[in-house]
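> Sharing a structure, written as structure tokens. Questions coming.
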Amino acid sequence: MKYSNYSVVIIGSGIAGLYAALKIEQQTNLQDGILLITKSKLGESNSRYAQGGMVGVLKENAKDSTASHISDTIKAGAGLSEFNTVKFISESSDSVIKDLLKFGVQFDKNENGDYTFTLEAAHSVNRVLHSGGDATGRMIEKALTKDVSENDNIDVYEQTAAVELLVNSNKECKGVVVFNDLTHEYETIYSSAVILATGGVGQLYKYTTNPAVATGDGLALAYNAGAVLQDLEFIQFHPTALAIDGDENRFLISEAVRGEGAKLVDADGIEFMHKYHENRELAPRDIVTRANYNEMIENGINHVYLNATCIDKNKLAERFPNISRICAENGIDISRDFIPVAPAAHYSMGGIKTNIEGETSIKGLYAIGEAASTGLHGGNRLASNSLLECVVCAYEVASYLKDKKLKTPKQIDEDLKAVIDKYSKDLLMEDLDVEALKHELQDIMWRGAGILRSEKTLMNALEEIRELSKKFPRSVKCLSKEEYEFKNMLLVAKLIINSALQRKESRGAHYRLDYLNMDEVSRHSLLTKEKGELCFVK
Ligand code: FAD
Ligand code: SIN
């Protein structure tokens, strides 16, 4: 076992983790330096695949205002968004985005040099900034990754997974144990500030827009450490992922395509969204998802279609170069053909409960980005609010840490030595087919805790997971990164199901077939681990 000390450790290299690293380095003179850990390559993350864009309530957009953005966010959030959080993030958007530009990030402009704001569902005005047409995430990641790689004050461990947080009996985080996927070595890193920027949970589901790294690790790490988690039952399913048979990790067809005028249709080209909502294709995301799903179930088909042929051919090519290319690779000319689309797990509204500065219920442990639950998104995230939340909260955690005297623990508490020791021992373990187990879990979650749930589907899913767990005899130490990920997925699946069982109403993305109504009073669901057991906080 290797040991090291860092003033700040950031886990995850999506937009939240990268920007936090750069801001902390810029603002704070840290004695023991900054370490950024990522379990794959530096740029790999959900962030990289973001298409539509980032909400920017910029002063130069005369048609927009924070009041309008706050109102849209709260409306989409189905009564569960926290007003103060929404207001803060909206009001910070102008200054934080302008700070982001200083790191080489660029957004698309028109021939006059003005930003081109696009429209997405449930936004009342065009306010979404984009980059590279439909490659917003990749463009931002590229700029921030370059800055981090070139910054001598930020150390980076790639292919390294955080496997356990070191939290003592006073609920103080003192560091993290990590596993190097290439050498299979463990390292204990002491630090008085650990920031989880580990992203989402899409890989828990059979069909998802999320890449392989989105396995909910941060939620499992935080839960095991005793942190409070919030609103885990709220999983956002995107209505339009490219539905090619056999393809379960689905390429996204951005909501911005509907923003530019594309329509949802059946195989005969007949539109159907008017049956579901007055705003049709631009209704809140949960409504469009259930509409597509309903059409699929009623007609016994495995996808509906998106008709973008009504958009000018040149505009399609210029505005959506990657969507055009990926569809063409699958034999679909989006200027002439309908695009087969179906819903897929996309985003986790819930996560580790934090305030705007990323503080969790554990001292020294912070969470930002999709892994966190600040209360911005409520029961249903408004499109393109996630990237904004990532950058605002990364900025805020950095500002918060600037004023802290970060003293790296040089010696670890006695009660944590036992935790570290578990990873030093060599255990005899048989190889497992983790890929097959993962597929089983994804199928269970899709059927039991998916777009439509009920007590029956959720209880069945729990029972199936109990059985599946018997095929995975690992309690602490695992043999590979994939095993650690699967261990986390099993745990997070159980937490999502238990939260979904507790919420006996339908609200936003949480739709219960046995409780169709929304309660008059909205409440967050809060859970934690106490004395080794899952416990809901009243
Ligand atoms: P991520 O970008 O997911 O990064 C998480 C990082 O943590 C990764 O580097 C991962 O490898 C690392 N990690 C995880 N676990 C561990 C561990 N145990 N140890 C070490 N490292 C770990 N949102 C918008 O606002 N606008 C959009 O247009 C948009 N489009 C999207 C399109 C797609 C296809 C997808 C999937 C999402 C989209 N979203 C969009 C959502 C948005 O991209 C994400 O919510 C956001 O990028 C999350 O950023 P993050 O930094 O929190 O996490
Ligand atoms: C999209 O481009 O449709 C995704 C936007 C988002 O998830 O915010």
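> With the requirement that a residue be of a type in the set (Ser, Thr, Tyr) and within 22 Å of Pro409 (Cβ to Cβ), what does the stretch 146-181 give you?
If the condition is that a residue be of a type in the set (Ser, Thr, Tyr) and within 22 Å of Pro409 (Cβ to Cβ), then Tyr157, Thr160, Ser169 are the ones that fit.
> Here's something else I'd like to know. Between a first residue in the stretch 251-276 that is over 25 Å from Pro321 (Cα atoms) and a second residue that is among the small types (Gly, Ala, Ser) and within 16 Å of ligand 2 (Cβ to nearest atom), which pairs have beta carbons less than 8 Å apart while being 6 or more apart in sequence or on different chains?
Filtered contacts from the stretch 251-276: Phe272/Ala291; Met273/Ala283; Met273/Ala291; Lys275/Ala291; Tyr276/Ala283; Tyr276/Ala291.
> A follow-up question, please. Ser92 fails exactly one of the following numbered conditions: (1) open to solvent by less than 20 Å² (accessible area, probe 1.4 Å); (2) out of contact with any strand residue (DSSP E or B) (no Cβ under 9 Å at 6 or more places or on another chain); (3) within 13 Å of ligand 1 (Cβ to nearest atom). What is the number of that condition?
If we test Ser92 against (1) open to solvent by less than 20 Å² (accessible area, probe 1.4 Å); (2) out of contact with any strand residue (DSSP E or B) (no Cβ under 9 Å at 6 or more places or on another chain); (3) within 13 Å of ligand 1 (Cβ to nearest atom), just (3) comes out false.
> Is it fair to say Ala398 is open to solvent by less than 10 Å² (accessible area, probe 1.4 Å) and in contact with a strand residue (DSSP E or B) (Cβ under 8 Å, 6 or more places away or on another chain)?
Criteria not met by Ala398.
> Could you list, in sequence order, all residues of the stretch 419-457 that are under 24 Å from Glu485 (Cβ atoms), of a type outside the set (D, E, K, R) and surrounded by fewer than 18 Cβ atoms within 10 Å (Cβ to Cβ)?
Once the filter is applied, which keeps residues that are under 24 Å from Glu485 (Cβ atoms), of a type outside the set (D, E, K, R) and surrounded by fewer than 18 Cβ atoms within 10 Å (Cβ to Cβ), the stretch 419-457 yields Ile420, Ser424, Leu427, Leu428, Met429, Ala436, His439.
> Which members of the stretch 226-260 meet the condition of being more than 20 Å from the chain's Cα centre (by Cα), at pLDDT 95 or above and not charged (D, E, K, R)?
The answer is Gly226, Ala243, Val257.
> Identify, from the list Ser191, Ser131, Ser169, the residue that is in contact with an Asp or Glu (Cβ under 9 Å, 6 or more places away or on another chain) and either on the phi > 0 side of the Ramachandran plot or surrounded by 24 or more Cβ atoms within 10 Å (Cβ to Cβ) (or both).
On inspection, the qualifying residue turns out to be Ser191.
> So which of Lys363, Lys405 is away from ligand 1 (no atom under 14 Å from the Cβ) and either under 14 Å from the mean Cα position of the chain (by Cα) or without any contact (Cβ under 8 Å) to a residue 40 or more places away in the chain (or both)?
Going through Lys363, Lys405 in turn, just one is away from ligand 1 (no atom under 14 Å from the Cβ) and either under 14 Å from the mean Cα position of the chain (by Cα) or without any contact (Cβ under 8 Å) to a residue 40 or more places away in the chain (or both): Lys405.
> Looking at Glu464, Glu485, which one is closer than 30 Å to Tyr186 by Cα, in contact with a helix residue (DSSP H, G or I) (Cβ under 8 Å, 6 or more places away or on another chain), open to solvent by less than 80 Å² (accessible area, probe 1.4 Å) and touching a residue at least 12 places away in the same chain (Cβ under 8 Å)?
Glu485
> Still on this structure, please answer the following. On the given criteria, is Ile24 in contact (Cβ under 8 Å) with a residue 12 or more places away in the chain, within 12 Å of ligand 1 (Cβ to nearest atom) and farther than 30 Å from Thr240 by Cβ?
When the stated conditions are applied, Ile24 does not pass them.
> Residues of the stretch 212-230 being away from ligand 2 (no atom under 14 Å from the Cβ) and either among the aromatic types (Phe, Trp, Tyr) or touching a helix residue (DSSP H, G or I) at 6+ places or on another chain (Cβ under 7 Å) (or both), which ones?
Hits for the stretch 212-230 are Ala212, Thr215, Gly216, Asp217, Gly218, Leu219, Ala220, Tyr223, Leu229.
> Considering only residues that are aromatic (Phe, Trp, Tyr) and part of a helix (DSSP H, G or I), look in the stretch 70-117 and name the one that is nearest to Leu376 (Cα to Cα).
Phe83
> Please count how many residues of the stretch 54-69 are away from ligand 2 (no atom under 16 Å from the Cβ), among the aliphatic types (A, V, I, L, M) and either touching a Pro at 6+ places or on another chain (Cβ under 6 Å) or not in a helix (DSSP H, G or I) (or both).
Of the residues in the stretch 54-69, 2 are away from ligand 2 (no atom under 16 Å from the Cβ), among the aliphatic types (A, V, I, L, M) and either touching a Pro at 6+ places or on another chain (Cβ under 6 Å) or not in a helix (DSSP H, G or I) (or both).
> Out of the residues in the stretch 192-211 that are of a type in the set (Ser, Thr, Tyr) and modelled with pLDDT of 95 or more, state the one that is nearest to ligand 2 (Cβ to nearest atom).
Among those residues, the one meeting the criterion is Thr209.
> Name the residue that is nearest to Asp286 (Cα to Cα), counting only residues in the stretch 96-128 that are among the acidic types (Asp, Glu) and open to solvent by less than 50 Å² (accessible area, probe 1.4 Å).
By that ranking, first place goes to Glu120.
> What residue, among those in the stretch 516-538 that are open to solvent by 80 Å² or more (accessible area, probe 1.4 Å) and closer than 28 Å to Ala291 by Cβ, is nearest to the chain's Cα centre (by Cα)?
Per the stated criteria, the residue is Arg523.
> Could you please find all residues in the stretch 3-53 being within 16 Å of ligand 2 (Cβ to nearest atom) and not aromatic (Phe, Trp, Tyr)?
Within the stretch 3-53, Gly14, Ile15, Ala16, Ser45, Asn46, Ser47, Arg48, Ala50, Gln51, Gly52, Gly53 meet the criteria.
> Residue under question is Ala241, and the condition is that it be farther than 25 Å from Gly532 by Cα, among the small types (Gly, Ala, Ser) and either part of a loop (DSSP other than H, G, I, E, B) or within 13 Å of ligand 1 (Cβ to nearest atom) (or both); does it hold?
Criteria met by Ala241.
> Here's a follow-up. Got a sec? Which of Gly175, Gly199 is within 9 Å of ligand 1 (Cβ to nearest atom) and either crowded, with 19+ Cβ neighbours inside 10 Å or under 26 Å from Lys425 (Cα atoms) (or both)?
Gly199
> Could you look through the stretch 134-155, keep only residues that are open to solvent by 50 Å² or more (accessible area, probe 1.4 Å) and touching a residue at least 24 places away in the same chain (Cβ under 8 Å), and pick out the one that is farthest from ligand 1 (Cβ to nearest atom)?
Looking at residues that are open to solvent by 50 Å² or more (accessible area, probe 1.4 Å) and touching a residue at least 24 places away in the same chain (Cβ under 8 Å), I get Asn153.
> Taking the condition among the charged types (D, E, K, R) and more than 16 Å from ligand 1 (Cβ to nearest atom), does Lys487 pass?
no
> Out of everything in the stretch 288-309 that is in contact with a helix residue (DSSP H, G or I) (Cβ under 9 Å, 6 or more places away or on another chain) and among the hydrophobic types (A, V, I, L, M, F, W, C), what residue ends up being nearest to Ala345 (Cα to Cα)?
Among those that are in contact with a helix residue (DSSP H, G or I) (Cβ under 9 Å, 6 or more places away or on another chain) and among the hydrophobic types (A, V, I, L, M, F, W, C), it is Val288.
The values are calculated or read from the model by the stated rules, or taken from the named source; none is laboratory data. All figures in this text were calculated on a predicted structure; none of them were measured in a lab. Here Cβ is always computed from backbone atoms with ideal geometry, including for glycine, and neighbour counts include all displayed protein chains. For the accessible areas, the whole protein counts, side chains as well, though only heavy atoms, and no ligand, DNA or RNA atoms are used. Shrake-Rupley method; radii C 1.70, N 1.55, O 1.52, S 1.80 Å.
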